[in-house]
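Only one structure is covered here, and it is reproduced in the block below.
Derivation of every value follows stated rules applied to the coordinates shown; laboratory data play no part. All of these numbers come straight from a predicted model, not from anything done at the bench. Note that each Cβ is placed from the backbone with ideal geometry, even for glycine, and that neighbours are counted across all protein chains shown.
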Amino acid sequence: MSLLDIHNLNVRFGGRDAPPVVEGLDLSIDAGEVLAIVGESGSGKSVTMMALMGLIDHPGIVTADQMQFLGHDLLTIRGRKRRQLIGKDMAMVFQDPMTALNPAYTVGYQIEEVLRQHLNLKGSAARKRALELLERVEIPAAESRLDAYPHQLSGGMSQRVAIAMAIAGEPRLLIADEPTTALDVTIQAQIMDLLLALQRDQGMALILITHDLAVVAETARDVCVMYAGQAVEKGHIPTLFDAPAHPYTEALLAAIPEQGQGERLATLPGIVPGRYDRPTGCLLAPRCPYVQNRCQKRPALEPYDRGAVRCFFPRNMAPGEAPSVSAEHRLEVGGHHYAH
Amino acid sequence: MLSFIARRLALLIPTFFGITLLTFALIRLIPGDPVEVMMGERRVDPELHAQAMERLGLNKPLYQQYFDYIGQLASGNLGESLRTRTSVWNEFTTLFPATLELAFGALIFAGTFGLLAGMIAALKRGSLFDHGVMGISLTGYSMPIFWWGLILIMLFSVNLGWTPVSGRLDLLYDVPPVTGFMLIDTLLSEEEGAFLDALRHLILPAIVLGTIPLAVIARMTRSAMLEVLREDYVRTARAKGLSPTRVVVVHALRNALIPVITVFGLQVGTLLAGAVLTETIFAWPGIGKWLIESIGARDYPVVQNGILLVACLVILVNFTVDILYGLINPRIRHQR
């Protein structure tokens, strides 16, 4: 059984009839695996992770057919029970380390807080463990950093502290939400390497949210590409990169700058549609270079040999490989179009 | 930090001169003089009047009087009251504990309820409670103190008879002044029931004086809290699996307190200004009432030096707040 299993996850803000921000998402990850979730800003990656952590507040509504983690049903456990899981078995590292740490407390205090909360470690035992964790995330002069305040640390250093805090409870699943986006390019690789080393050594599963495909190529085995709140393609590295099936994946790959090529990068015109501006048909249709009449219906995510794809006209298919993608069954009244 | 303190201290010198000049000028701008008030309003014998003025040194040109005053201050002498012939310093130190007790009562009232109300309003943003608290605090802020005091006296003292109308302690009790703080002195004395009586005397004036600070603190806490709750580190705290109480109190409130503490400090000035009115309404024997009476009697030395002392106090409090600020906010502590 998978460590994490989600079926048909929907996240809405502003009532049950509001258009979903995340729509019909299936995700699963096995213990010790790395799953990359890729997509532009606004594609619903972070919201999905917040839903996993149970951090979606009113008026947000999270629904799913199934949400299993480590034998717990995340849909039904609440309050204390839920909080015993998050920060311990399921932990998260956020995007901007400079604002993710509380400016009023020392680094040591913020790490020890997790130890006290979940492992019942106190006093000198907690401090000793906090020091070990700082050394674990390769912070130089760790001892002196315990009493440092976040404003005294650089961005990279802060992210290491945030990672130390996240692994303090020895999580089975670590969620890293664009952990390197806010950092200098030179630091990005170091932090990525650290995360992967920790993932291997501790045997924890890692969900890596990113829009950096180069990082994905080096780190993950499974990839889920999201667009406007839906998974549009799932696959494995390297086949997904060699032969992307969805036009959106293809466009993302075409936008990677390659060394020594002076050509203009290919871009997809337009932006990800907001949740009130989504087309009734295929969500990518307004931006897709291969759009056809049939795209006025919305395709379902169809599994095939190499993964799954949500497109009537998938790209780069070997003869006979292409799945027959059907239109999605939608419970909407008369194809209601959400517009302002 | 040390250079910061030194710079702040240097700034005090011009402030100090400004205050002396202002009080000196303002009290003399009011028509009448001390001798006239002392002699009664009907008939002032011009000769006697001139003699008395000369004896008090009030016949000299104004600039001369001001220099005399500054010279006196420089030698550490605050002068003596024209009415009572006791030294201004002695009068001040005798009366000040009463004002301090009242101000403390008001601050505790305003701080406790202001922080609580502001915090809950922020957490339940947009709720009936939120709108209620903000509406009431706006009303409280705009309420004239003297009117509000009279209304409360009418309701609680006259109609309901729950609290005494005025003063610090019932005449029944004989409590020797040890600290000057009635709540402490009554506890030290053997008099039974004196403490509760002192407390009952304090409640109404403390509420009246604390109303404006309460409103300010509640609104400030709410907006600071709303801002902090949106911060990433609050999300981090929640992602650690901490209880909601811990997230709010330990992670959010601590940071929200930074602006609130500043406001707290600024309110001390408001509080002392309000004390003048409150003490007058409740016949509370503190420096506010003392100053009002001295202005009425044109008791120049008391008005000048009493206000100077109060101003020094406000400066001192703001100074303390600046340092407290550094304690709460590590980012300031580490600045050079």
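Using DSSP, restrict attention to beta bridges with both residues in chain A and report what percent are antiparallel, rounded to the nearest 5.
Working: 29 of 48 bridges.
The answer is about 60 percent antiparallel.
Measuring from label point to label point, each 7 Å out along Cα→Cβ, what is the A:Ile77 to A:Tyr276 span in nm?
So the label points at A:Ile77 and A:Tyr276 sit 3.8 nm apart.
Assuming a ≥ b ≥ c are the square roots of the Cα gyration tensor eigenvalues, decide whether the protein assembly as shown counts as rounded (a/c under 1.5), prolate (otherwise, with a/b larger than b/c) or oblate.
Details: a/c = 2.85, a/b = 2.65, b/c = 1.08.
Prolate.
Any chance you could give the angle, 0 to 90 degrees and rounded to 10, that helix A:123-136 forms with the longest Cα principal axis of chain A?
50 degrees
Quick check: net charge around A:Asp184, other residues with Cβ under 15 Å of its Cβ, Lys/Arg +1 and Asp/Glu -1? Could the numbers behind the result be given before it?
Working: positive: A:Arg160; negative: A:Asp96, A:Glu178, A:Asp193, A:Asp212.
Taking every Cβ under 15 Å from that of A:Asp184, the sum is -3.
Taking the Cα centre of each part, how many Å lie between segment B:162-212 and segment A:120-187?
First find each Cα centre; the distance between them is then 54 Å.
Hey, which of these cross-link pairs are over 27 Å Cα-Cα: A:Lys122/B:Lys124; A:Lys45/A:Lys81; A:Lys45/A:Lys122; B:Lys60/B:Lys289?
Table pairs above 27 Å Cα-Cα are A:Lys122/B:Lys124; A:Lys45/A:Lys122; B:Lys60/B:Lys289.
Mean separation of Cα pairs under 8 Å and 6+ residues apart, divided by the residue count of chain A: what relative contact order is that in percent?
Details: 632 pairs, mean separation 63.5, N = 340.
Answer for chain A is 19 percent.
Could you work out the local net charge near B:Ala275, counting Lys and Arg as +1, Asp and Glu as -1, over the other residues with Cβ closer than 11 Å to its Cβ? Write out the running numbers ahead of the final one.
Values: positive: B:Lys289; negative: B:Glu101, B:Glu279.
Value of the local net charge: -1.
Where does each of A:Asp89, B:Asp45 land when they are ranked from fewest to most other beta-carbon atoms within 10 angstrom?
Values: A:Asp89 19, B:Asp45 10.
Ranking A:Asp89, B:Asp45 by Cβ neighbours within 10 Å, fewest first, gives B:Asp45, A:Asp89.
Treat each spin label as a single point 7 Å out from the Cα along the C-beta direction, and report the A:Asp242 to A:Arg315 distance in nm.
The answer from the label model is 1.7 nm.
According to the square roots a ≥ b ≥ c of the eigenvalues of the Cα gyration tensor, what is the shape class of segment A:212-291, taking rounded for a/c under 1.5, prolate for a/b larger than b/c otherwise, and oblate for the remainder?
In terms of gyration-tensor shape, oblate.
To the nearest 500 deg cm²/dmol, what mean residue ellipticity at 222 nm is calculated for chain B from DSSP H runs of n ≥ 4 alone, each contributing -39,500 (n - 2.57), summed and divided by the residues?
Numbers: 14 runs with 239 residues, N = 336.
Calculated from helices alone, the mean residue ellipticity at 222 nm is -24000 deg cm²/dmol.
For chain B, what does the relative contact order come out to in percent, with C-alpha contacts under 8 Å and a separation of six or more?
Details: 376 pairs, mean separation 87.6, N = 336.
Once normalised by length, the contact order is 26 percent.
For segment A:240-337, what is the relative contact order in percent, using Cα pairs closer than 8 Å and at least 6 residues apart in sequence?
Reported relative contact order: 28 percent.
Tell me which residues come under 5 Å, amide H to amide H, from A:Val232 once H is placed; ignore anything under 5 positions away on its chain.
When sequence neighbours closer than 5 places are left aside, the close amide H contacts are A:Val225, A:Met226, A:Tyr227.
Just check segment A:240-337 against the gyration tensor rule for me: Cα atoms, a ≥ b ≥ c as the square roots of the eigenvalues, rounded for a/c under 1.5, and otherwise prolate or oblate depending on whether a/b exceeds b/c. Working shown, then result.
Details: a/c = 2.67, a/b = 1.34, b/c = 1.99.
It is oblate, given that a/c is not under 1.5 and a/b is not larger than b/c.
Mean residue ellipticity at 222 nm from the helices of chain A, using -39,500 (n - 2.57) per DSSP H segment of n ≥ 4 over the full residue count, to the nearest 500 deg cm²/dmol?
Working: 11 runs with 96 residues, N = 340.
After summing the helix terms and dividing by the residues of chain A, the value is -8000 deg cm²/dmol.
Sort A:His211, B:His201, A:His7, A:His246 by Cβ crowding within 10 Å, fewest neighbours at the top. Present the calculation step by step, with values, prior to reporting the outcome.
Details: A:His211 17, B:His201 22, A:His7 14, A:His246 29.
Listed from fewest to most nearby Cβ atoms, that is A:His7, A:His211, B:His201, A:His246.
Please list the helices of chain B that count as membrane-span-like by this rule: a mean Kyte-Doolittle hydropathy of at least -0.5 together with Cα atoms stretching 24 Å or more along the helix axis, each helix being a complete DSSP H run. Could you put the intermediate results ahead of the total?
Numbers: long enough: B:2-29 (41 Å, 1.66); B:88-123 (49 Å, 1.41); B:194-229 (46 Å, 1.36); B:254-282 (38 Å, 1.37); B:300-328 (42 Å, 1.84).
Helices meeting the criterion: B:2-29, B:88-123, B:194-229, B:254-282, B:300-328.
Within 10 Å, Cβ to Cβ, of A:Thr63, how many net charges do the neighbouring residues add up to if Lys/Arg are +1 and Asp/Glu are -1?
+1
Roughly what % of DSSP beta bridges within the protein assembly as shown run antiparallel, to the nearest 5?
60 percent
Determine, for A:Arg78, B:Arg83, B:Arg235, the number of other Cβ atoms within 10 Å of each Cβ, and report the residues in order from fewest to most. The partial results should precede the final answer.
Values: A:Arg78 10, B:Arg83 17, B:Arg235 20.
The order, fewest Cβ neighbours first, is A:Arg78, B:Arg83, B:Arg235.
Treating the angle as unsigned and between 0 and 90°, give the value, to the nearest 10°, between the Cα long axis of helix A:185-202 and the longest Cα principal axis of chain A.
Taking the Cα atoms of chain A, the angle to A:185-202 is about 80 degrees.
Once you have the Kirkwood Rh of segment B:190-316 from its Cα pairs, apply Stokes-Einstein at 37 °C and 0.692 mPa s and quote D in µm²/s. Write out the running numbers ahead of the final one.
Numbers: Rh = 17.7 Å.
After rounding, the answer is 185 µm²/s.
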